[in-house]
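Since the structure comes first, as structure tokens, the remarks are kept for the end.
Just so it is clear, none of the values below were taken in a lab; they were calculated from the coordinates. All figures in this text were calculated on a predicted structure; none of them were measured in a lab. Counting neighbours? That spans all protein chains shown, and the Cβs are built from the backbone with ideal geometry, glycine included.
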Ligand code: GLY
Ligand code: MN
Ligand code: MN
């Protein structure tokens, strides 16, 4: 859990950045229908969560820096949220209500969400800039325009309407990019849960099982530890491991094939993101092992680049270099490393980037480039390192023995002042260790 005072500190920080004549408006995630009257599991909007820790739908945060109409001069955090309603709460569970928003969530004031049309225009009045995520939620965009127009209608009578509308993403997401100590604690926990689940899946896998049975092992372990999947797990045996976003998870696992599992746990809204690839029968074939060793070497070369001051692109370049050199050595590419990199021939076998920011979102927010150039890594950033090699089952001009092999190894890494911290090291990626773990599970 993150303490209310950390959420308050984030709100203050954002208010300081946007300035005294601004207002910032952040809505909670809407509930989404899955079918008929049945909802998807509710997941709070990551930005809203980052600023409030408030898990209910039907809520709007308004941050009003500087001197406010109620006379506070150090800014106010106002939450519009659902009112207490004992009858509804008997069906849906407890609500914080306005009192709870102040006492448990550290808001300066709170109002019923039903009163927002009457109250929020008065808070927008007199502010020159509105910070908001335009275009993310069309329904909410229209509401916001309505509130601003209410203020505009009063301009003749002396009201001042905002004249600048600023995208909130850039500022807020730069804050989210740097994880605090408390956030890192949760991310290590999400990573630990996912590691245990991957180990469980490795131990359980046998030829003849179905992919969904292995998926069940992962989900069982996530839920056992109070986590959920941070994205739909990919459990792909054999050629399915070559499908980057494979989600069917319904094929039988064959003796002699590899199994690629890309699955992460989300704990208290923080994601982990792990991929392991291992032999269904517990032993790598020589071809599988040769390709696996290249991917692992690429990952190690990439992780060595995760240091403060290195450009974000450096670790991808290191992975590409190792993969290209490895594929040339095995005869899958021809010519020099430089030429193959220049002509991007490796793209046929390694077609994605080596990783992304990780945090409240699996593909977390934050700019990768500043003024067109890759930004430098700084302590507190968290990213994934996930090189792979995928030889399509119908790859022409490739010897048959390599075809249909898909391998990815993905770990989560914290940028520190010194050595990179791999927070997902508790599930082995060394092929000998994987074989030993699987052999021990078969005794
Ligand atoms: N699981 C999504 C990714 O690896 O980026
Ligand atoms: Mn990833
Ligand atoms: Mn992944």
Between 278, 284, which is more than 16 Å from ligand 1 (Cβ to nearest atom), under 30 Å from residue 227 (Cα atoms) and in contact with a helix residue (DSSP H, G or I) (Cβ under 8 Å, 6 or more places away or on another chain)? 278
Checklist (1) closer than 25 Å to residue 188 by Cα; (2) in contact (Cβ under 8 Å) with a residue 40 or more places away in the chain applied to residue 433, failing item: (2)
Condition check for residue 281: more than 22 Å from the chain's Cα centre (by Cα) and in contact (Cβ under 8 Å) with a residue 24 or more places away in the chain: yes
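How many of the residues in region 393-418 are under 27 Å from residue 185 (Cα atoms) and either surrounded by 11 or more Cβ atoms within 10 Å (Cβ to Cβ) or under 19 Å from the mean Cα position of the chain (by Cα) (or both)?
Let us first name the residues in region 393-418 that are under 27 Å from residue 185 (Cα atoms), namely 408-418.
Checking which are either surrounded by 11 or more Cβ atoms within 10 Å (Cβ to Cβ) or under 19 Å from the mean Cα position of the chain (by Cα) (or both) leaves us with 408-416.
Summing the residues that are under 27 Å from residue 185 (Cα atoms) and either surrounded by 11 or more Cβ atoms within 10 Å (Cβ to Cβ) or under 19 Å from the mean Cα position of the chain (by Cα) (or both) in region 393-418 gives 9.
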Test for residue 381: is it over 30 Å from residue 183 (Cα atoms) and buried (at least 19 other Cβ atoms within 10 Å of the Cβ): no
The one condition in (1) away from ligand 1 (no atom under 16 Å from the Cβ); (2) over 30 Å from residue 209 (Cβ atoms); (3) in a helix (DSSP H, G or I) that residue 315 fails to fulfil: (1)
Of all residues in region 358-396, how many are closer than 26 Å to residue 172 by Cβ, within 13 Å of ligand 3 (Cβ to nearest atom) and in a strand (DSSP E or B)? 3
Condition set under 20 Å from residue 301 (Cα atoms) and part of a loop (DSSP other than H, G, I, E, B), scope region 334-346, selection nearest to ligand 1 (Cβ to nearest atom): answer is 344
Identify the residue in region 267-288 that is more than 30 Å from residue 29 (Cβ to Cβ) and in contact with a strand residue (DSSP E or B) (Cβ under 9 Å, 6 or more places away or on another chain) and, among all such residues, is surrounded by the fewest Cβ atoms within 10 Å (Cβ to Cβ). 285
Which condition number does residue 264 fail, the rest of (1) in contact with a helix residue (DSSP H, G or I) (Cβ under 9 Å, 6 or more places away or on another chain); (2) surrounded by fewer than 21 Cβ atoms within 10 Å (Cβ to Cβ); (3) closer than 23 Å to residue 357 by Cα being met? (2)
Can you tell me how many residues within region 420-433 are within 23 Å of the chain's Cα centre (by Cα), more than 16 Å from ligand 1 (Cβ to nearest atom) and in a loop (DSSP other than H, G, I, E, B)? 4
Test residue 250 against the criterion of being closer than 30 Å to residue 405 by Cα, in contact (Cβ under 8 Å) with a residue 40 or more places away in the chain and exposed (fewer than 15 other Cβ atoms within 10 Å of the Cβ), and give yes or no. yes
Which pairs have Cβ atoms under 9 Å, sit 6 or more apart or on different chains, and link a residue in region 364-391 that is without any contact (Cβ under 8 Å) to a residue 24 or more places away in the chain to one that is part of a strand (DSSP E or B)? 370/376
Looking at (1) touching a residue at least 40 places away in the same chain (Cβ under 8 Å); (2) loosely packed, with under 15 Cβ neighbours inside 10 Å, can you tell me which one residue 194 breaks? (2)
Is at least one residue of region 347-356 outside any strand (DSSP E or B), surrounded by fewer than 14 Cβ atoms within 10 Å (Cβ to Cβ) and more than 16 Å from ligand 2 (Cβ to nearest atom)? yes
If we take region 1-85, then strands (runs of 3 or more DSSP E) inside it with 1 or more residues that are touching a helix residue (DSSP H, G or I) at 6+ places or on another chain (Cβ under 9 Å) and surrounded by 18 or more Cβ atoms within 10 Å (Cβ to Cβ) are 22-27, 60-64, 76-81
May I ask you to list the residues in region 96-112 that are assigned to a helix (DSSP H, G or I), surrounded by fewer than 19 Cβ atoms within 10 Å (Cβ to Cβ) and touching a strand residue (DSSP E or B) at 6+ places or on another chain (Cβ under 6 Å)? 102
